[in-house]
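Below is one structure, written out as structure tokens, with a few remarks after it.
Nothing in this text is a laboratory measurement; each read-out follows from the coordinates by a stated rule. The structure displayed is predicted, hence computed values, not measured ones. When we count neighbours, we look across all protein chains shown, and the Cβ atoms used for this are built from the backbone with ideal geometry, even at glycine.
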Amino acid sequence: MKTKLYLLIPLMIFLDFSYQTKAQNLSTYGHADNEVFQVGSRYHISFQSDTPNVFHESFVTNTEDAEAFAVYSDKQGNLKLYSNGCHIWNGNHQPLNTSSNVLPDSVCPQFTLNDSMGNHITSTAIPMPGNPDLIYVFSLGRKDIQPRKLYYSLVDISTGQSQIIVSGQEFTKLPLKRDLAVTKHTNGQDYWLVTREYHKNTYVAFRIRPGGNVDTVYSANTGITPASWGYDLGLNFSPNGRILGEVINLDTLQLLQFDASTGTVSDTNMRYIVNYGYQLWPDRFAFSPDNSKLYVNHHNLYTRFCQYDLSTNAQSQLLNSRILLFDNQITYDNAGCLHLTANRNIYNPFHTYNTGLAFNSVENPNIGDTNCNWNTANFIVDSSAYVHPSSFSSNFCSAWLQEPVDFSYTHTCAGENAQPTLFAFTDSVYEAEWHFGDSLAGGADTSSALYPSYKYPQPGQYTVWVKALHYGMWDSIAKTVTIYQNPQISLGKDTTLAANDTLVLDPGSGYVSYNWNTGDTTQTLTLYGSQMTGGSHSYWVEVTDSNGCKAKAYRTITYSGVGINEQNADKWKVYPNPAEERLTIELNHAIHEKATLRLYNQHGAIVRRHQWPKQAKTQHLSLYGLSNGIYWMELDIEQRKYRQKVVKR
């Protein structure tokens, strides 16, 4: 069934984009700009950081009687609005309409702005798909009027003060139960608002689409039939939108299947959590951020908090996976509420006369067993407050708490011999559509690979956008990737050296590293004709700049003359020659100046270097580790050089 939720001005609502705009429109896919708040009677609490932040403020309303209230804020934790279902306040705690309730007087006749949060009215807030400045506030009527009816208002938050542009309209004529649950459609854009028909095993999923369009999907005869209608509470989705949990008969938590592409609820392979010990019935529950664990409060005479492993599909294995985290037999006020929050921890608010209002917490809820790190009373909200813990009960889309899709990339250089830029997701993704932002490619800058590469033809800034099927829902992200120019270097033209010539090879200054084929790592390489053997020799250097971009330059040097070599044989003796393990060098007299002994391979690279001690006439040089072949030995003594060919065998 299709209906129209809201039609503003056609020019403001219709999403008439071209295909390319749709494909790369960031508002079409991805996580909503929402940060979860819990609201108390004298403060609100932000879970933007690892440690909750408490803001003590003078609210214009009391929240202690809240069943589940609507809260909406941005990713930076800026509160935009909250509602008790009867009234709506902006982020500055100012009422958005002061003349009347946003719901009909028949639903909220006795309430004023300073009264309680709506006699257990359940409400939630979600952005209009495609237009995050328009926020729907849905409200189920109060519990003493059965069956409940569902109403909606629409708030424009584009201005600093916000304003209600649709107020308290009836959303459906269906009689409904007491709870609402919200998750995202698999397309990453639309929302599913799910509840159950009054006194029926029929689940109703409303698909909220762009422009105020609504599709309604019914799933009849699904799940456990309650023994007594009305003794059921709590609808809650896993973050990936695949599991819909609900407590039935106050003693059974059923875990139903939900198809976020079609909106159908199914009890195929249904699993359930039952009584744990004497009158310890499952009550409140929360899913871990990665959907692998379930946390349940078993509650009646006292309270136990347990973890269950959802990775198994077998009912018996699910029950056998139960781990007791906290056994609370102390008398204090704990309604057993469990809330997954934006910092991806799970909190349990409670009150004692010693601590005031405080939180228990699960700090690593994705981890199995007691390694999930349950902490008792580790965060004090207000040591002097008496606020019933169930008042900490904001109702939001759990899909907002999934890890957003993200990608990394390496090799960001363009130019000759540059490697393509490599892209990879930082988490599990099953399908992808990449756009690499190269406008000169004529539409060929796309890929459906999970680990794509793209060779940018020139340096510049490119907006890379990817849409990915991530945890069962389409999500998207865009990043600006800067591509740098590869270094432009040269060692000059090929040339010839004579016996006494010297040549300095220099690719230029300012690079992070220099790597020569001779093994040198200095900026320059000095070549001496007197050290070279006949023929041509190739030299190259690779430089790396501060952006990690590399370039190589080559030069060929030909030796054309005879250098200082065996004619110096009367000055020294080198033996044995050929040699296997070491050479002995003897001079005809001791050296008093600074001298260096070097051994070169046939390519002109230095393979041994040894400082000759003053006053010494004899030295030994190890050939261990060198390949067999011809080498050149040179003794450099300030103004003179001795040079001789040696052979290792």
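Observations on the model:
- Set the Cα radius of gyration of segment 493-649 against 2.2 N^0.38 Å, with N its number of residues, and you get 1.13.
- Rounded, prolate or oblate (a/c below 1.5 giving rounded, otherwise prolate when a/b exceeds b/c) for segment 495-559 by Cα gyration tensor: prolate
- Mean-position separation - Cα centroids, segment 483-556 and segment 395-446, in angstrom: 37
- Counting Lys and Arg as +1 and Asp and Glu as -1 over every other residue whose Cβ lies under 14 Å from the Cβ of ASN517, the net charge comes to 0.
- Here each label is just a point 7 Å from Cα along the line to Cβ, and for HIS620 and LEU422 those points are 4.7 nm apart.
- If you plug the beta carbon distance of SER106 and GLU197 into 1/(1 + (r/R0)^6) with R0 = 30 Å, you get a FRET efficiency near 0.90.
- Going by neighbour counts of Cβ atoms within 10 Å, the residues SER219, SER292, SER509 line up, fewest first, as SER509, SER292, SER219.
- Förster radius 56 Å - calculated FRET efficiency between THR522 and TYR430 (Cβ-Cβ, nearest 0.05): 0.65
- Distant-in-sequence amide H partners of THR186 (H built 1.01 Å from N, under 5 Å): SER261
- Selection from ILE483, THR502, GLY548, by position along the positive dipole direction of segment 477-549 (Cβ): ILE483
- Summed residue charge, Cβ within 10 Å of ASN240's Cβ, Lys/Arg positive, Asp/Glu negative: +1
- 14 Å reach of a label modelled at SER158, 7 Å along Cα-to-Cβ, counting backbone N of segment 200-226: 211
- Pair ILE380, GLN485: separation of 7 Å Cα→Cβ label points (nm): 6.3
- Ranked by how many other Cβ atoms sit within 10 Å of their own Cβ, fewest first, the residues THR186, THR124 fall in the order THR186, THR124.
- Extension gain (nm, one decimal) between THR502 and ASP333, 0.36 nm per residue minus Cα-Cα: 51.9 nm
- Beta bridges by DSSP in segment 566-648, antiparallel share as percent, to the nearest 5: 95
- Alpha carbon Rg of segment 281-331, scaled by the compact-globule rule 2.2 N^0.38 Å: 1.17
- Signed unit charges on C-beta, dipole axis of segment 566-648, positive-most listed residue LEU587, GLY629, PRO576: LEU587
- Segment 195-205 - phi-based ³J(HN,Hα) in whole Hz, Karplus 6.51/-1.76/1.60, Gly and Pro as x: 8, 10, 5, 5, 6, 9, 8, 10, 8, 10, 10
- On full extension, the segment bounded by TYR302 and THR544 gains 80.5 nm, given 0.36 nm per residue less the C-alpha separation.
- Under 5 Å between amide hydrogens, built in the peptide plane, is the criterion, and for SER73 it picks out GLU35, LYS80 among residues at least 5 positions away or on other chains.
- Residue by residue, segment 171-178 carries 3J(HN,Hα) couplings of 8, 8, 8, 5, x, 10, 7, 8 Hz when phi is fed to the Karplus relation 6.51 cos²θ - 1.76 cosθ + 1.60 (θ = phi - 60°); x denotes Gly or Pro.
- Oblate is the label for segment 274-402. Its Cα gyration tensor axes, ordered a ≥ b ≥ c, give a/c of at least 1.5 and b/c at or above a/b.
- A viscosity of 1.002 mPa s and a temperature of 20 °C, combined with the Kirkwood radius over C-alpha pairs in the Stokes-Einstein formula, give segment 173-253 a diffusion coefficient of 161 µm²/s.
- Computed from phi, the 3J(HN,Hα) profile of segment 416-422 under the Karplus parametrisation 6.51, -1.76, 1.60 (θ = phi - 60°) reads 4, 6, 6, 6, x, 6, 9 Hz, with x in place of Gly and Pro.
- Neighbour-count ranking [beta-carbon atoms within 10 angstrom, fewest first] of VAL647, VAL155, VAL607: VAL647, VAL607, VAL155
- Zone of ASP50's modelled label, taken as backbone nitrogen in segment 276-312 under 18 Å from a point 7 Å along Cα→Cβ: 289
- Charge context of SER162, other residues only, Cβ under 11 angstrom, K/R +1, D/E -1: -1
- Annotation: amide H-H contacts under 5 Å for LEU491 (H modelled 1.01 Å from N, sequence separation of 5 or more, or interchain): TYR554.
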